[in-house]
């Protein structure tokens, strides 16, 4: 491998380690984990809870519960968006 390629690979490895240490550790151990931008378990949880709150608001006919649930559904949809920016990184 030419010397300049090895330098670029080392630079790439250090940037990955700095950006997502969990992914870098898993990759080094041979069992890669999902990169941070593909981990969305928290967003799914917010969506599930907000759906339950929305249904509860509809059942008890409480406008504030419905409004809160819709706001949190919007937040969850934003978190699930695959094209969103990575928070200024």
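The values are calculated or read from the model by the stated rules, or taken from the named source; none is laboratory data. Bear in mind that the values here come from a model prediction, so they are computed numbers and not experimental data. Ideal geometry is used to build each Cβ from the backbone, glycine not excepted, and the neighbour counts take in all protein chains shown.
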_Pairs where the first residue, in the stretch 40-58, is without any contact (Cβ under 8 Å) to a residue 24 or more places away in the chain and the second is in a helix (DSSP H, G or I) and surrounded by 18 or more Cβ atoms within 10 Å (Cβ to Cβ), C-beta under 7 Å, 6+ apart_ = 53/69; 54/69; 57/69
*Does the stretch 24-39 hold any residues that are modelled with pLDDT of 80 or more and in contact with a helix residue (DSSP H, G or I) (Cβ under 7 Å, 6 or more places away or on another chain), and which are they?*
24
*Might you let me know whether the stretch 40-56 holds any residue that is within 30 Å of residue 17 (Cβ to Cβ), at pLDDT 80 or above and loosely packed, with under 11 Cβ neighbours inside 10 Å?*
yes
